[in-house]
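Since the structure comes first, as structure tokens, the remarks are kept for the end.
The values are calculated or read from the model by the stated rules, or taken from the named source; none is laboratory data. Note that the structure is predicted; figures quoted are calculated from it, not measured. Positions of Cβ are generated from backbone atoms using ideal geometry, with glycine treated the same way; all protein chains shown enter the neighbour counts. What goes into the accessible areas is simple: the full protein's heavy atoms, side chains included, and nothing from ligands, DNA or RNA. Shrake-Rupley method; radii C 1.70, N 1.55, O 1.52, S 1.80 Å.
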Amino acid sequence: MTRKKSISDRLADWLPRLVMAPSLLVILVGVYLFIAWTGWISLSSSRMVPQYDFVGLEQYYRLWATPRWHTAVANLFIFSALFLVVTIGVGLVMAILLDQNIRAEGALRAVYLYPMALSFIVTGTAWKWILNPDLGIQKVVNGLGWESFVFNWITQPKFAIYTIVIAAVWQSSGFAMAIFLAGLRGIDNSVIKAAQIEGATLPRIYASIIVPMLRPAFLSVIVLLSYIAIKNFDLVLAMTNGGPGNATEVPSTFMFSATFRRNQMGVGAASAMMMLMTVAAIIIPYLYSELKEGRHGQ
């Protein structure tokens, strides 16, 4: 005979759901409802104000017929490729160095992680000053006597996007380092000792054994950095505002400009949906692989 649950037992069962309900409601309304609304606006003829008619994929055709969007997409690929490669490389090297049980490891780890605590607006403003030919590196070096030194990338349309990469790498390398260091600390030291007994050098051990074992850390870093790269907005806005001209335009700044400056709300919504689909194309396979590994591990 089953005993009926008391009121306190029922409350204990429902309490976690009641606690989570407000957060779930906020997420449903503040995230998913507005995603659906943006998707509908991208299928309408909206310009200055929302329109709730249906014009199919017209806004997407207009989007891909805009040269400025092509520039934004090209810049996104350039920025993302360089940002991922350099950040992962720098983060991995810093993690390996800290894994050697060096002195003042805690202080160095804090120094490397400090940039990630700053907002992208602060980082962008600081690097805008540093790279300004009249205020930053070029002026300092010229003042030291090297008057022919020129470093004015931030004012050159062909090189301005690379200054965004420099600032983003500076801010995010510590984040990648922390993930890689956590992965390195999870590897059994007996693996390294066994390889050393076999006569392998430390660089060979890391290149052939340790780094391949960091596959989950690499996957996490790539997914998270890709997300940062795609939604990159604050950094570009603070450093170049999409300039010179539209040389550093990226999809996020294009979306903002189209929606709030050029009264093309439908085109802006279409660009936002393209960004969402790009993020989904990265996140969904990652989540699938994680869930699949979790089921196999049970």
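Contact annotation: no residue pair with Cβ atoms under 8 Å, 6 or more positions apart or on different chains, pairs a residue in segment 190-204 that is of a type in the set (K, R) with a partner that is outside any helix (DSSP H, G or I).
Go over the candidates A178, A182, A167, A217 one by one and state the one that is at pLDDT 90 or above and under 20 Å from F77 (Cα atoms).
Values: A178 fails: under 20 Å from F77 (Cα atoms); A182 fails: under 20 Å from F77 (Cα atoms); A217 fails: under 20 Å from F77 (Cα atoms).
One residue alone meets the criteria, A167.
Tell me the helices (runs of 4 or more DSSP H) entirely within segment 143-243 that contain at least 2 residues that are closer than 30 Å to N132 by Cβ.
On the way: elements: 160-185, 189-197, 202-205, 215-230, 234-239.
The qualifying helices (runs of 4 or more DSSP H) are 160-185, 215-230, 234-239.
Within segment 131-149, none of the residues are closer than 24 Å to S226 by Cα, touching a Leu at 6+ places or on another chain (Cβ under 9 Å), open to solvent by 40 Å² or more (accessible area, probe 1.4 Å) and without any contact (Cβ under 8 Å) to a residue 40 or more places away in the chain.
The number of residues in segment 172-189 that are touching a residue at least 40 places away in the same chain (Cβ under 8 Å), more than 11 Å from I96 (Cα to Cα) and aliphatic (A, V, I, L, M) comes to 2.
Annotation: of all residues in segment 83-119 being outside any helix (DSSP H, G or I) and of a type outside the set (S, T, N, Q), the one that is surrounded by the most Cβ atoms within 10 Å (Cβ to Cβ) is D99.
So is I230 farther than 25 Å from R47 by Cβ, aliphatic (A, V, I, L, M) and either over 23 Å from the mean Cα position of the chain (by Cα) or surrounded by fewer than 16 Cβ atoms within 10 Å (Cβ to Cβ) (or both) or not? Give the derivation first.
On the way: farther than 25 Å from R47 by Cβ: yes; aliphatic (A, V, I, L, M): yes; either over 23 Å from the mean Cα position of the chain (by Cα) or surrounded by fewer than 16 Cβ atoms within 10 Å (Cβ to Cβ) (or both): no.
Criteria not met by I230.
Residues are listed down the side, and each one gets a yes or a no for (1) open to solvent by less than 30 Å² (accessible area, probe 1.4 Å); (2) polar (S, T, N, Q); (3) without any contact (Cβ under 8 Å) to a residue 40 or more places away in the chain:
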residue	(1), (2), (3)
A238	yes, no, no
V250	yes, no, no
T253	yes, yes, no
S257	yes, yes, yes
F260	no, no, yes
A270	yes, no, no
L276	no, no, no
P285	no, no, yes
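Taking V49 and the conditions (1) in a helix (DSSP H, G or I); (2) open to solvent by less than 90 Å² (accessible area, probe 1.4 Å); (3) at pLDDT below 95, which numbered condition does it fall short on, given that it satisfies the others? Of the numbered conditions (1) in a helix (DSSP H, G or I); (2) open to solvent by less than 90 Å² (accessible area, probe 1.4 Å); (3) at pLDDT below 95, the odd one out for V49 is (1).
Summed over segment 57-76, the residues that are under 21 Å from the mean Cα position of the chain (by Cα) and among the hydroxyl-bearing types (S, T, Y) give a count of 1. With respect to I27, is the statement that it is part of a helix (DSSP H, G or I), in contact (Cβ under 8 Å) with a residue 24 or more places away in the chain, farther than 27 Å from A238 by Cβ and not polar (S, T, N, Q) true? No.
Free of Cβ contacts under 8 Å to residues at least 24 places away in the same chain and within 12 Å of V267 (Cβ to Cβ), is that true of W37? Explain how you work it out, then say what you get.
Numbers: free of Cβ contacts under 8 Å to residues at least 24 places away in the same chain: yes; within 12 Å of V267 (Cβ to Cβ): no.
In short, no.
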